[in-house]
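Here is the structure we will look at.
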Amino acid sequence: MMRRPQGFRYVFRVAHTMTSSIDKLYEEADRLYYDNKLDKAAVLYKKILEEDPEHQAALHSLGIIHYDEDDYGPAVEYMLKALAQDPEDIYVHSNLGKSLYGMVHMGQKKTAKRIARQWAEDYPDNRIALHMAAAVTGDEVPDRANDDYVAQTFDEFADTFDSKLEELSYKAPELLGEALTRHVNASDLRILDAGCGTGLCGPYLRPLARKLEGIDLSEEMLALAKKRKLYDRLDKAELTEALQTRSKRYDVAVAADVLCYFGDLSAIFGAMASSLRPGGLFAFTLETHGKAKDYDLGISGRYTHSAKYVHKSLAGAGFDLIEGEQGQLRTEYAVPVTGLVIVARKGD
């Protein structure tokens, strides 16, 4: 079985009442699935569809099994059928996006683009569909990810977030923690963990902080961060707007794997500068590319940036770059994902 990408949550919702025989079949199929007996589970899911061809959960489950087996074409077909039964199911929308990502990764870009365009056309009000379709096709790329897309995406896989990132050898919090220790010699600072998620940066920031605050769009992620008992305050809010109300509040702000949901960095960098005291530090990671364009929306749904654009945007917001190193942030499809680990200082 392949490694599942971030956020592939296995939630199967049944939108209609099942007969007892189908109910029993579904429970047995699920048991086999979680025992990693995918072939046997698939047989039972298909048996359910013989009795009820519109069974949304069985359709979705078969799509996931095909995804697990790197068989992305059938995965997409089953997920589209599942969406036809429940157009509002955010889990199916999310998993469809990841399956299209898999198709592109396996060289089926033309087909993935055609399906993605139709997906966006069929579901024009669904933020996941619009964002991932733009990522796959390159059409009408927004300058940042929509708030609803981010919140839904991270609410969806909050309970598996830490374990999935461990599988991906996720290093951003550790790299930022090490970078800060090279520039901070204090333990009484007011620190912001911007886009704090489940609080993975918390253990690195708490020893430096008199007060540690976190902001995130995902209520489910914040609930897990709260359980760490490292933060003095946690707020559910859109980051740019929240920062604009916190003038000169922080000594240090950290953003680990957050700026990949922003294309245009001018607004978020400006808001970050306004929230820092003179001389305050802003430490962050982001993925980079070697293209001429300032930023690009990748097929993963995340933005990458040119190093030149990042440096220009920092200077435009009044920051001085004091450290900028390449580092391996994680692995994806067994390939290292590198990016910048940056520490910048707000001017006096």
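Here, each number is a calculation from the coordinates, and none is a lab measurement. Source: prediction; values computed, not measured. Neighbour counts are summed over all protein chains in view; Cβ atoms, including those assigned to glycine, are modelled from backbone coordinates with ideal geometry.
Dividing the convex hull volume of the alpha-carbon atoms in the stretch 152-219 by its residue count gives 80 Å³ per residue. The spacing between the stretch 268-288 and the stretch 90-135, judged by their C-alpha centroids, is 32 Å. With the simple spin-label model, which puts each label point 7 Å out from Cα in the Cβ direction, the ALA186 to VAL335 separation comes to 4.2 nm.
When only the Cβ of Lys, Arg, Asp and Glu is charged (+1, +1, -1, -1), the dipole of the stretch 20-140 relative to its Cα centre reaches about 520 debye. Extension gain for ASP235 to GLU69 (0.36 nm times residue separation, less C-alpha to C-alpha distance): 55.9 nm. Using C-alpha pairs below 8 Å separated by at least 6 residues, the relative contact order for the chain is 13 percent.
If you place +1 on the Cβ of every Lys and Arg, -1 on the Cβ of every Asp and Glu, and leave all else neutral, what size is the dipole of the chain about its Cα centre, to the nearest 20 Debye?
Details: 44 positive and 55 negative charges, 260 e Å.
In debye, rounded to 20, the chain gives about 1240.
Distance between the C-alpha centres of the stretch 29-87 and the stretch 180-244: 39 Å, rounded to the whole angstrom.
Once the Cβ-Cβ distance between ASN36 and ASP125 is put in as r, and R0 is 35 Å, what FRET efficiency do you end up with, to the nearest 0.05? Plugging the Cβ-Cβ distance into 1/(1 + (r/R0)^6) gives 0.40.
Rounded to the nearest 5, the antiparallel percentage of DSSP beta bridges internal to the stretch 162-346 is 55%.
Using equal-weight Cα scatterers in the Debye expression, the normalised intensity of the chain in log10 at q = 0.06, 0.07, 0.13 Å⁻¹ is -0.24, -0.32, -0.99. Secondary-structure-derived ellipticity at 222 nm for the chain, considering helices only, amounts to -14000 deg cm²/dmol, per-run term -39500 (n - 2.57) for DSSP H runs with n ≥ 4. When the Cα atoms of the stretch 43-176 are aligned to their principal axes, the ranges along those axes come out at 54, 33, 29 Å in descending order. Our coupling estimate for the stretch 260-277, obtained by passing each phi through the Karplus curve with A = 6.51, B = -1.76, C = 1.60 and θ = phi - 60°, is 6, 9, 10, x, 6, 8, 4, 5, 5, 5, x, 5, 5, 4, 5, 7, 9, 6 Hz, Gly and Pro reported as x.
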